[in-house]
Amino acid sequence: MDKYYSYTDFLKAVGHQPTENQAEKLLSEIYLDLFISRIQRIYRIEQLKTLIDNSLDQKNQRDFYTYASELKMLMEAPIS
């Protein structure tokens, strides 16, 4: 996720928004950003699994370790 949203920042923004519609737009933007980030993460995990399978089939140890370490980092990283 390119942007960082905290609950405090959201409350500040909502407090400065003159209409409820603008607050809803901000919340929609946050949810959309989280959704896109989640989809990208899932896609990359599936892509890495395919690359790992291919590197095992080709007996390419260097690529296997590269992809496996990236997959491990993705799986261990907190979901944002």
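Numbers below:
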quantity	calculated
Table column - 3J(HN,Hα) (Hz), the stretch 47-55, Karplus curve with 6.51, -1.76, 1.60, x for Gly and Pro	4, 5, 4, 5, 5, 5, 4, 5, 5
Within-15-Å neighbourhood charge of residue 43 [Cβ basis; K, R +1; D, E -1]	+2
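The numbers here are math on the coordinates, done by the rules we state, and not lab data. Predicted model only: the values in this text are computed from it and were never measured. Using ideal geometry, Cβ is built from the backbone for each residue, glycine included, and neighbour counts are taken over all protein chains shown.
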